[in-house]
2 protein chains.
Amino acid sequence: MGYVRYSVEALERFCNDAFIKFGFTREEAAEITDVLILAELYGIQSHGTQRLVRYHKSIENGCVRIDAKPEIVFETPVSAVIDGHAAMGQLTSVFAMKKAIEKAKKVGVAFVTVRNSNHYGIAGYYTKMACDQGLIGISATNTESIMVHTGSRQAVLGSNPIAFAMPAEPYPFWFDAATTVIPKGKLEVYHKADKELPSGWAVDSEGRECHIPEDALMCIDKKTGTGGILPIGGISEESGSHKGYGFSMICEILCSITSSGATSNHHKRVRGEGSGTCHSFIAIDPAIFGDTEEIKKNLSVFLEELRSAKRIDENIPIYTHGEKEILSYEKRLREGIDVDISTVGEMAAICKYLGMDTVEYLGDVDLSSAKETTYTVAAIDK
Amino acid sequence: MGYVRYSVEALERFCNDAFIKFGFTREEAAEITDVLILAELYGIQSHGTQRLVRYHKSIENGCVRIDAKPEIVFETPVSAVIDGHAAMGQLTSVFAMKKAIEKAKKVGVAFVTVRNSNHYGIAGYYTKMACDQGLIGISATNTESIMVHTGSRQAVLGSNPIAFAMPAEPYPFWFDAATTVIPKGKLEVYHKADKELPSGWAVDSEGRECHIPEDALMCIDKKTGTGGILPIGGISEESGSHKGYGFSMICEILCSITSSGATSNHHKRVRGEGSGTCHSFIAIDPAIFGDTEEIKKNLSVFLEELRSAKRIDENIPIYTHGEKEILSYEKRLREGIDVDISTVGEMAAICKYLGMDTVEYLGDVDLSSAKETTYTVAAIDK
């Protein structure tokens, strides 16, 4: 697959201007862009510019309401419940985490839950917001149904990621992971590479272990109602399937149950309505446990002990969570970000749709090798 | 393996009287017994009477200090940090969760962390305390190092269980799971059955996938410093190893980092000192999110949707977390509890050590098939 390298500034400019053209204010466009670009910088391409087409589609079909504003519908000193009113997920979520941080700084801890939102990008963006201010940040989101829970062949739960960040030196502990064993994107990678799926990743519509990526993808994309991706821990309790299923449930409870919103299996697909996505944002001031500097130092020492443990392979370093992302961040900030040619093709289509000058924003790129999708220029012309 | 069936009352009487003989007050003995018996009733035998020998040994070698009382060393309206002073883990933990519940009822949420404690039994006992009062309960504990984290062949983290409970009908959501792919006990079961370990469970001292249960057990029991059990997700990031490792880190942070206590790799083995075990207790009043009855109903409906999803095998029900434990509870309360003969042998040794009448407490049992361990009568006679 070919790539085009862009500077961070070039990608930011493209995203910012595109979201303004979609109808967002300058400030809103900058907030959404920041979430996308952090994903790119952290090396989480699946949640970077690659998602633009999804947002484009959501805006077009009215799933995302551009003029909607999040509203606090219930509040206590340690909590808030927010109705996103189908606004862009990132905007509601930045608002929600800011509210959690503000409350945690006053009372030590705050739980903010959100209903009626939309896809919010990487969960870890919001935990970083808290962590950057010296707090522990936790965030989770439910998603469309994709996980077949232990004993089931029907996808009810979502990929349901949980993120957790806490300040440390030289870099924070920053964990962000779906509670499915793999993301859907991994199925696509295996499909493209014509590789068989290992056991414990997916089941087909009959509930059998699925080794053909295409079959698993079809179950998910066609919304057949059966088949899907397994929880962390695979298909049986013996390998810990019920544990991944349990962590996915904790995500679901923190998001949809506490916000009285839609569980993953009740996300909507109705034109003009939001998806019903629910999120959770928790901020904790370590000062509620004593001396924050000592606590930070203790975590830093422990993370270093983990990194310097005896390795399985001397040549393969042991990472702590968030370390790879920081290394990626520094490298990409310096060297630029590689965007695969098919995504560039999708961005070109967005340019065309919005009346933006493709060459000015994306350069004079040969898109002949870009994979045609429902989002590329040809499709939009129809 | 042979079993002896006891009524709940008989086991309770034995545990209560044994702990009183060890030097605990009547009230303390009842608290410890209640934690052990709930594990038996829930079918979690690994944490029931089977653990008595471990507690016996800990009391004998001064790891557990019978006269110690937990002390609050730092406190805010939403938090407390408790020093267990090496008291029995269950006593400090009941005290800590009561404190969390008391605070949560006032301000909506409370985080209580504990350092310098000891083994506390099943994490889920404490979440049940909160759940029984209509609250969300969360608990976690670190343990001796047993988990080799992603890329490492050295055990640094513990089995680090996380438990979460929330009220629902007809039974609550009650999740309690180690963040290792399997508990150590599973290695013992495979060892006894002469079965090979599947991939993704354990590594040997060289960091190779370990298929021989004895080798993995030796690494753990001999404290060789290398080898151990893998996180949920197995050995590679491709199967989600970093996710289990991450959840184990969250446990560690909630327990030892926030309490400024000992991380799993710094648990002590010094005569007369506690193990250094750390715990975490969180209570959340669902009322901080609005109408508690509506929230409870929504969770109940969702749990039923999960249970009634399309099954992989029509004959194998889909469970939600805590359901099996409730079924086990009802059955064992009615029919009694089967204790394996080797554990009965250990209990007989405790009787002898404490001057309790074995036949009166345990019945006239033929112990000839009981496996001799370092804890049985013969060993204690030495």
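The table for this structure:
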item: Surface share of carbon and sulfur [accessible, 1.4 angstrom probe, percent] for the protein assembly as shown; result: 50 percent
item: Average beta carbon contacts from partner chains per residue of A:295-305, 10 Å cutoff; result: 4
item: Other-copy label distances relative to B:Leu327, 7 angstrom Cα-Cβ extension, nm; result: 4.6
item: P(r) weight above 26 Å for region B:213-356, C-alpha pairs, percent; result: 62 percent
item: The protein assembly as shown - share of DSSP beta bridges that are antiparallel (%, nearest 5); result: 85 percent
item: Label-point gap, in nm, between A:Ile326 and A:Lys105 - each point 7 angstrom along Cα→Cβ; result: 2.4 nm
item: Efficiency of FRET between A:Glu294 and B:Asp67 - r from beta-carbon atoms, R0 30 angstrom, step 0.05; result: 0.55
item: Theoretical FRET efficiency, 1/(1+(r/R0)^6), r = Cβ-Cβ of A:Glu304 and B:Arg208, R0 22 Å, to 0.05; result: 0.30
item: Along principal axes, Cα extents of chain B, largest first, whole Å; result: 61, 49, 48
item: Chain A: most fluctuating residue of A:Ser159, A:Ser248, A:Ser58 per GNM, C-alpha cutoff 10 Å; result: A:Ser58
item: Nm distances between copies for B:Val189, ranked from closest, using label points 7 Å along Cα→Cβ; result: 3.3
item: Charge dipole (debye, nearest 20) of the protein assembly as shown; +1 at Cβ of Lys and Arg, -1 at Cβ of Asp and Glu; result: 640 debye
item: Region A:239-382 - charge dipole about Cα centre, Lys and Arg +1 at Cβ, Asp and Glu -1, debye rounded to 20; result: 620 debye
item: Averaged over A:260-266, number of beta-carbon atoms from partner chains that fall within 10 Å; result: 3
item: Sites A:Ala193 and A:Glu314, calculated FRET efficiency, Cβ-Cβ separation with R0 35 Å, nearest 0.05; result: 0.75
item: Low-density loop cleavage sites - chymotrypsin sites (Phe, Trp or Tyr not before Pro) in region A:115-201, where at most 15 other Cβ are within 10 Å (DSSP); result: none
item: Under 5 Å, built H, 5+ apart or other chain: amide partners of A:Gly2; result: A:Ile341
item: Most fluctuating residue given options B:Glu305, B:Glu12, B:Glu323, as computed from a GNM of chain B linking Cα atoms under 10 Å; result: B:Glu305
item: Mean projected area (nm²) of the alpha-carbon convex hull when region B:142-296 is viewed from all directions; result: 11.8 nm²
item: Considering only region A:72-151, percent of DSSP beta bridges that pair antiparallel, nearest 5; result: 45 percent
item: Heavy-atom accessible surface that A and B bury in contact, both chains counted, 1.4 Å, Å² to 100; result: 6900 Å²
item: Percentage, to the nearest whole number, of Cα pairs in region A:38-101 over 17 Å apart; result: 53 percent
item: Per residue value of the accessible surface for chain A (all protein chains in place, 1.4 Å probe), Å²; result: 38 Å²
item: Amide H within-cut-off set for B:Ala202, under 5 Å, with H built and near neighbours excluded; result: B:Cys210, B:Leu230
item: In sequence order, calculated HN-Hα J values of region B:346-359 (Karplus, 6.51, -1.76, 1.60; Hz; x Gly/Pro); result: 5, 5, 5, 5, 5, 3, 4, 4, 8, x, 9, 6, 4, 5
item: 18 Å Cα-Cα reach of A:Lys69 towards lysines, excluding residues that sit fewer than 8 places from it in its own chain; result: A:Lys98, A:Lys99
item: Entries of A:Lys243/B:Lys243; B:Lys57/B:Lys352; A:Lys222/B:Lys243; B:Lys57/B:Lys223; B:Lys21/B:Lys128 with Cα pairs more than 21 Å apart; result: A:Lys222/B:Lys243; B:Lys21/B:Lys128
item: Descending Cα extents along the principal axes, the protein assembly as shown, whole Å; result: 90, 52, 48
item: At 0.692 mPa s and 37 °C, Stokes D of region B:139-216 from Kirkwood alpha-carbon radius, µm² per second; result: 235 µm²/s
item: Given charges at beta-carbon only (K, R positive; D, E negative), |dipole| of region B:148-202 in Debye; result: 240 debye
item: Inter-chain shielding of B:151-164 (mean C-beta neighbours from other protein chains, 10 Å cut-off); result: 4
item: Free-standing Cys residues across chain A, given no other cysteine C-beta under 4.7 angstrom; result: A:Cys15, A:Cys63, A:Cys131, A:Cys210, A:Cys219, A:Cys251, A:Cys351
item: Fluctuation leader among A:Gln133, A:Gln45, A:Gln154 - chain A, Gaussian network, Cα springs under 10 angstrom; result: A:Gln133
item: Debye log10 I(q)/I(0) for region A:62-153, one point scatterer per Cα, at q = 0.11, 0.14, 0.20, 0.22 Å⁻¹; result: -0.34, -0.53, -0.93, -1.05
item: Nm distances between copies for A:Glu237, ranked from closest, using label points 7 Å along Cα→Cβ; result: 3.3
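The values are calculated or read from the model by the stated rules, or taken from the named source; none is laboratory data. What you see is a predicted model; the values in this text were computed from it and never measured. Quick reminder, even Gly has a Cβ in these numbers, built from the backbone with ideal geometry, and neighbours come from all protein chains shown. Each accessible area value is taken on the protein alone, full model and side chains, heavy atoms only, with ligands, DNA and RNA left out. Shrake-Rupley method; radii C 1.70, N 1.55, O 1.52, S 1.80 Å.
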